[in-house]
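In what follows, a single structure is set out as structure tokens and then discussed.
Throughout, read-outs are computed from the coordinates displayed, never taken from laboratory work. Nothing here was measured: the structure is a model prediction, and the numbers come from that model. No Cβ is skipped: glycine too gets one built from the backbone with ideal geometry, and neighbour counts run over all protein chains shown.
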Amino acid sequence: MPPQNFVILGGGISGLTAAWYLARNAPSSTKITLLEASNRFGGWIQSTRVGEEWILFEQGPRTLRPSGLGAYIILDMAAKLNLIGFIHAVGKYEPAAKNRYLYYPDRLIQLPGGSLLSGLKSIVQNKFILSSLHSVIREPFIKPLKNLDDESIHDFISRRFNSTLADTLMSALVHGIYAGDAKKLSIKSTFKQIFDMEQIYGSVIKGTINSRKLSTLSQKDQNWLNLLCEENKDLFAFMSTTSLYSFANGIEQLVHAIVNDLKVRENVTIKMSHNVKELKFDKEIEIYTNDGTFRADHIISTIPSHELACLLPELPYLTYNPSVTVAVVNIAYGRQNLLPVKGFGYLIPHITPNNPYHVLGVVFDSDAMPHQDYKKDKYTKLTVMMGGHYYNDLSGNDYPNKDELLSQAVETIEKQLGVYSTPLQCMAKVHRKCIPQYYVGHYSRMKELHYAIKKKYGKRLSVGGASYFGVSINDCVTNSARLALDLLRNNDEKVIVTGLERVEGN
Ligand SMILES: Cc1cc2nc3c(=O)[nH]c(=O)nc-3n(C[C@H](O)[C@H](O)[C@H](O)COP(=O)(O)OP(=O)(O)OC[C@H]3O[C@@H](n4cnc5c(N)ncnc54)[C@H](O)[C@@H]3O)c2cc1C
């Protein structure tokens, strides 16, 4: 029989999605309680309006991708939460969709993939793109390493293509997604599809050509996707013409809508300012917080794994991966069109010289999400992201303070984009330990964790959240929704659902 009394730890998007999926699919007699330590819900998702102009600043995630199972789950949630009218989407042919840049070695380079002409121009003008092109042509003829257990992203790309591609494009991409070091992160846990292409087709290029055949979805997920498509035909048809989206008031609008929906359900209790400090697995599970004790027959933990390690120190590998700290500086200038180019923004690979402030990348928010401000076409808005793995040796008070971060960001924008103007509004924050880093071997370690949870906690504990299988919001939502449904549909006494089932494959 499925659990009757769930307690969910953590009120970020993973915990909220788990609660919402349970609430919609469990019998009304099932009790669902969500406990969040801080005084707000949403975790790293934080959309704030500032100043008299109410300019929207995203301090965490700012855009969502409308492709893949995760996207369809979120859009279906948005439809059920009456958010469709608030979706702000960027079409596939707008500059923010087409134009992405690298800053290397001392200028912006447009990446191929926009128009044919701009693609050819950037190949001809940039030696490193030309040498990467050679390596792409050679790649199908390089012998595959069959039965490879895992490898760093840098080693994999250097082996299959060349080290230039690993040091430039790939390093930049890893800065953009993980704020991490491509020499340490696992190819299998970060870019599984690319890893699988070598294993299945013997080559990434051959795998890409055959990618339509290489389904990343299990039959169960495919059926789920088909059902979502059936229910949301018009919405999904429209979204297939777009490349990015958010909501009128930022990503946090999704969080508010989920929270408001959960608040009116009789069998659901959601509590902020409830820091879970101890778990006791007795006949029932007792959950001790700073503000009271709760009871459950099943716990879903969506808090970062290093936090769960404080509660369940006997579980293996919860603290193996570090999480990086990222400084986010939002800046709005009071004039539009100040930037030399239009596009989504640029990333900076680790080999770019003269990067004293450890800038990972800059997002051109006024191009990427142009219609979220009330006075449209009045501002140039940017976000500068700094730190990540470069901050690994810092702790305590070592991080730059707000004034230092702001002047570092302004100086970067002057030097790299030639924008010399005084910001109208700005905001700077250091997000400590905000993005988990899946180091090489992560998959095997999660396998051990999966079996350890089964053995020690049986049907009473499962885990979700960014620490395990994917940091993007699409991944977090997919994993939590799938976990909730798997728990509710499990009527087999012998089957234990931990949230880490995918490691049972290869
Ligand atoms: C700067 C930045 C930019 C990003 N940009 C993007 C983007 O553009 N697109 C995208 O898809 N993704 C992006 N991401 C990634 C994405 O935002 C996160 O991976 C995702 O929000 C994580 O959600 P979560 O619920 O798993 O974890 P969290 O958001 O970390 O939530 C966990 C919650 O648990 C709570 N908690 C911790 N310990 C306890 C305890 N003991 N008791 C109770 N509660 C506890 C925390 O307070 C927190 O609210 C970005 C992340 C960052 C930091």
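Observations on the structure shown:
- Every pair of residues 6+ apart whose Cβ atoms lie under 8 Å, when the first sits in the range 482-494 and is surrounded by 10 or more Cβ atoms within 10 Å (Cβ to Cβ) while the second is hydroxyl-bearing (Ser, Thr, Tyr): Leu483/Ser462; Ala484/Thr17; Ala484/Tyr21; Leu485/Tyr21; Leu487/Ser462
- Given (1) away from the ligand (no atom under 11 Å from the Cβ); (2) closer than 29 Å to Gly176 by Cβ; (3) out of contact with any Asp or Glu (no Cβ under 6 Å at 6 or more places or on another chain); (4) hydroxyl-bearing (Ser, Thr, Tyr), index of the condition Ser38 fails: (1)
- Residues (touching a strand residue (DSSP E or B) at 6+ places or on another chain (Cβ under 9 Å), farther than 22 Å from Leu279 by Cα and not small (Gly, Ala, Ser)) located in the range 21-44: Trp44
- Of the residues making up the range 176-214, those that are touching an Asp or Glu at 6+ places or on another chain (Cβ under 9 Å) and either in a loop (DSSP other than H, G, I, E, B) or closer than 26 Å to His389 by Cα (or both) are Ala182, Lys183, Ser186, Ile187, Lys188, Ser189, Phe195, Ser203, Leu214.
- The range 418-438 residues that are closer than 16 Å to Cys476 by Cβ and within 10 Å of the ligand (Cβ to nearest atom), paired with ones that are among the polar types (S, T, N, Q) and in a loop (DSSP other than H, G, I, E, B) (beta carbon under 6 Å, 6 or more apart): Pro436/Asn321; Pro436/Ser467
- Scanning the range 158-169 for residues that are hydrophobic (A, V, I, L, M, F, W, C) and in contact (Cβ under 8 Å) with a residue 60 or more places away in the chain returns a single hit, Leu169.
- Close pairs (9 angstrom Cβ cut-off, 6 or more residues apart or separate chains): polar (S, T, N, Q) in the range 23-40, within 16 Å of the ligand (Cβ to nearest atom) and in a loop (DSSP other than H, G, I, E, B) anywhere: Ser38/Gly11; Ser38/Met272; Ser38/Ser273; Ser38/Asn275; Asn39/Met272; Asn39/Ser273
Matching residues to (1) touching a Ser or Thr at 6+ places or on another chain (Cβ under 8 Å); (2) more than 11 Å from the ligand (Cβ to nearest atom); (3) part of a loop (DSSP other than H, G, I, E, B):
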position: Glu286; (1), (2), (3): yes, yes, no
position: Arg295; (1), (2), (3): no, yes, no
position: Ile300; (1), (2), (3): yes, yes, no
position: Tyr320; (1), (2), (3): no, yes, yes
position: Val328; (1), (2), (3): yes, no, no
position: Arg335; (1), (2), (3): yes, yes, yes
position: Gly343; (1), (2), (3): no, yes, yes
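- Taken as a whole, the condition of being in contact with a strand residue (DSSP E or B) (Cβ under 8 Å, 6 or more places away or on another chain) and under 20 Å from Ile153 (Cβ atoms) applies to His389.
- Within the range 350-395, tally of residues that are assigned to a loop (DSSP other than H, G, I, E, B) and under 19 Å from the mean Cα position of the chain (by Cα): 2
- Within the range 460-472, the presence of a residue that is within 24 Å of Ile299 (Cβ to Cβ), within 16 Å of the ligand (Cβ to nearest atom), part of a helix (DSSP H, G or I) and of a type in the set (Val, Ile, Thr) is excluded.
- Output for the range 495-506, where each listed residue is in a loop (DSSP other than H, G, I, E, B) and either in contact (Cβ under 8 Å) with a residue 40 or more places away in the chain or polar (S, T, N, Q) (or both): Ile496, Thr498, Gly499, Leu500, Asn506
- Applying the criterion of being touching a strand residue (DSSP E or B) at 6+ places or on another chain (Cβ under 6 Å) and more than 6 Å from the ligand (Cβ to nearest atom) to the residues of the range 1-14, the residue that is farthest from Leu35 (Cα to Cα) is Pro3.
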